[in-house]
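The block underneath contains the structure these notes are about, expressed in structure tokens.
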Amino acid sequence: MKFHVICRVGPNDEFHRRVASDERILVVPVQHTGNPRRVGEEVLATLAERDLNPTDTAVDLLHAAFATYSADLLVPREASADRWTREFTLHLPVLHLRRWQRARPTLVKLLTFLTGDRWMIELRGRQRLPSQPEAETPRLASVLPEAVCLFSGGLDSFIGAIDLLGSNRRAALVGHYGYGGNVSFPQHESFGYLHNHFGDLAEHFAFRVVPPALKGKQEPTTRGRSFLFLALGTIVASACSPGTPLLVPENGLISLNIPLTPARSGSSSTRTTHPYLVMLYRKLLAQLRIDVDVQLPCRFRTKGEMLNACRNPMLLRGGLAKTMSCAHPGVGFRVGGDPKQHCGYCVPCLIRRASLKAARILNIETYFVDVIAAPPPANSERGEDLRAMQMALGRLRGAPSYRYTFEALKSGPLPASAADVQKYAGVYRRGLEEVRAFLEP
């Protein structure tokens, strides 16, 4: 079944597309005050309130991200023939049509790699909205953020923010959250901790973006969130000086998203910093003439190495408990426990605990499930990730270095020099060894 994802910009956009009887339409309205199904309206309003005026093309890029994120979340993979690969046509209105026509093949490749679906894109021109928010008095360059950093509330982005702010640069920390507070709480709490130390060097942009309501089961994989997160960082950076860096701090093991076992495609995980995705995103920005410099400062470091290399270890340890790395935030709350507690059994939790041990930061956190003291059954839902990690460690025990090069290529092409490919293989090996040292003391 094909889904037509129609992005409508503004209250006067009534674009419609006739579709076959076996096709479906998902309408995503943006910049439409008063429409209860509108998506992300507060993003542009927030920028205008802070005297930041993003570029027109960055706004259209954000609209594309709103639409693809909504489709990814609201269209269940069960609706496809193979129960995974969906078929989408995105109908996108843009201000600079020629730029987008040039960039369309790159965007198709990016979305296809990111979500694992089949994408087509149909472009149409649009006019600037009279009501489109703009900063009445744009900020002077002397008070603009000098860098933008994605800020998820996790440990990696917390370290990245400490290192960035520790260099005495003004920084915008950009976060995204959707339903509930399980994601927003750690972003706000960890930012508050940083703001208390760095003061006005740090500025927080916490954007709430949720898709329009749709009846039925929602899709849990949400790989399209990576594109949305990058687009949110880009729109803030586009409102700053040309060439403003957009930092995406994530450790190399998570970045590569390599399947732990042959039965796991790795597709359920986000690919925010996979080298191939980032290459395509940089190319897309260049073709759209969006002058933002995407940087991945931690791509060759494990999580433990990030902890050990942090500029301010004391500040890091003091705020570590305010961060959340879990894939199941709030699991404890659902059974009457602590809503801020990590589940302990997902892959990010395993890597987090392993990194803390590697950095000799011990006994400072409790987990809903302690996989060392009371490992869950391997055939249970809570034991799946632990079992997959154990299988990967067993398969690669004593493996020669070239084996890790082959492993690093399993999740996608590596558009890098031969030397960098070896660095990716190396960070994957060291990351797994951190986990081995945790699980096999």
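State whether one or more residues within segment 179-201 are part of a strand (DSSP E or B) and either free of Cβ contacts under 8 Å to residues at least 12 places away in the same chain or within 28 Å of Pro348 (Cα to Cα) (or both). Scanning segment 179-201 turns up no residue that is part of a strand (DSSP E or B) and either free of Cβ contacts under 8 Å to residues at least 12 places away in the same chain or within 28 Å of Pro348 (Cα to Cα) (or both). Kindly evaluate Arg382 against the criterion of being touching a strand residue (DSSP E or B) at 6+ places or on another chain (Cβ under 9 Å), part of a helix (DSSP H, G or I) and not assigned by TED's automatic domain parsing to the domain that holds Ser152. Judged against the criteria, Arg382 is not a match.
Name the residue that is nearest to Ala237 (Cα to Cα), counting only residues in segment 295-309 that are part of a helix (DSSP H, G or I) and not polar (S, T, N, Q). Out of the qualifying residues, it is Met306.
Of the residues making up segment 1-58, those that are within 25 Å of Leu97 (Cβ to Cβ), in contact with a strand residue (DSSP E or B) (Cβ under 7 Å, 6 or more places away or on another chain) and β-branched (Val, Ile, Thr) are Val5, Ile6, Val9, Val19, Ile25, Val27, Val28, Val30, Val39, Val43.
Which residue is nearest to Leu173 (Cα to Cα), if the candidates are limited to segment 14-35 and must be assigned to a loop (DSSP other than H, G, I, E, B) and in contact (Cβ under 8 Å) with a residue 60 or more places away in the chain?
Looking only at segment 14-35, we keep the residues that are assigned to a loop (DSSP other than H, G, I, E, B), and these are 14-23, 31-35.
Now restrict to residues that are in contact (Cβ under 8 Å) with a residue 60 or more places away in the chain: 15, 17, 31, 33.
On the way: Phe15: 35, Arg17: 39, Gln31: 24, Thr33: 26 Å.
Selected residue: Gln31.
Scanning segment 287-302 for residues that are in contact with a Lys or Arg (Cβ under 7 Å, 6 or more places away or on another chain) and within 20 Å of Leu164 (Cα to Cα) turns up Val294, Phe300, Thr302.
Only residues that are at pLDDT 85 or above and in a loop (DSSP other than H, G, I, E, B): list them for segment 117-139, please.
Selection gives Asp117, Arg126, Gln127, Arg128, Leu129, Arg139.
Restricting the first member to segment 399-421 and to residues that are outside the structural domain of Met279 (by TED's automatic domain parsing) and over 20 Å from Arg301 (Cβ atoms), and the second to residues that are acidic (Asp, Glu) and in a helix (DSSP H, G or I), the beta-carbon pairs closer than 9 Å and six or more apart or on different chains are Ala399/Glu407. Scanning segment 334-351 for any residue that is in a helix (DSSP H, G or I) and over 23 Å from Val427 (Cα atoms) turns up at least one such residue. Selection within segment 398-437: residues that are basic (Lys, Arg) and modelled with pLDDT of 95 or more. The member of this set that is nearest to Asp370 (Cα to Cα) is Arg436. Of the residues screened, Arg170 is one that is free of Cβ contacts under 8 Å to residues at least 60 places away in the same chain and assigned by TED's automatic domain parsing to the domain that holds Ile290.
Does Ile6 qualify as being in contact (Cβ under 8 Å) with a residue 24 or more places away in the chain, of a type in the set (Val, Ile, Thr) and more than 30 Å from Glu203 (Cβ to Cβ)? Before the answer, list the steps.
Working: in contact (Cβ under 8 Å) with a residue 24 or more places away in the chain: yes; of a type in the set (Val, Ile, Thr): yes; more than 30 Å from Glu203 (Cβ to Cβ): yes.
Yes.
Okay, residues lined up against (1) of a type in the set (D, E, K, R); (2) at pLDDT below 95:
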{"position": "Gln287", "(1), (2)": "no, no"}
{"position": "Cys298", "(1), (2)": "no, no"}
{"position": "Arg301", "(1), (2)": "yes, no"}
{"position": "Arg311", "(1), (2)": "yes, no"}
{"position": "Leu315", "(1), (2)": "no, no"}
{"position": "Gly319", "(1), (2)": "no, no"}
{"position": "Gln341", "(1), (2)": "no, yes"}
{"position": "Arg352", "(1), (2)": "yes, no"}
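Selection of segment 124-143 for residues being of a type outside the set (S, T, N, Q) and exposed (fewer than 12 other Cβ atoms within 10 Å of the Cβ) yields Gly125, Pro130, Glu136, Leu140, Ala141, Val143. Filtered by the rule that a residue be crowded, with 18+ Cβ neighbours inside 10 Å, modelled with pLDDT of 95 or more and touching a strand residue (DSSP E or B) at 6+ places or on another chain (Cβ under 7 Å), segment 154-186 gives Ser157, Gly160, Ala161, Leu164, Leu165, Ala171, Ala172, Leu173, Val174, Gly175. Answer yes or no: is there a residue in segment 110-120 that is closer than 20 Å to Phe15 by Cα and not basic (Lys, Arg). Yes, segment 110-120 has at least one match.
State all residues of segment 40-77 that are in contact (Cβ under 8 Å) with a residue 24 or more places away in the chain and among the acidic types (Asp, Glu); if no residue qualifies, say none.
Just the residues of segment 40-77 that are in contact (Cβ under 8 Å) with a residue 24 or more places away in the chain, to begin with: 40, 42-48, 50-77.
Within segment 40-77, Glu42, Asp51, Asp56, Asp60, Asp72 qualify.
Looking across segment 372-394 at every residue that is touching a residue at least 60 places away in the same chain (Cβ under 8 Å) and surrounded by fewer than 18 Cβ atoms within 10 Å (Cβ to Cβ), the one that is nearest to the chain's Cα centre (by Cα) is identified as Met391.
For segment 67-85, the set of residues classified as surrounded by 24 or more Cβ atoms within 10 Å (Cβ to Cβ) and either at pLDDT 95 or above or more than 24 Å from the chain's Cα centre (by Cα) (or both) consists of Ala67, Thr68, listed by residue number.
The values are calculated or read from the model by the stated rules, or taken from the named source; none is laboratory data. Worth saying up front: this structure is predicted, and the values here are computed from it rather than measured. Every residue, glycine as well, gets a Cβ built from its backbone with ideal geometry; the counts of neighbours run over all protein chains shown.
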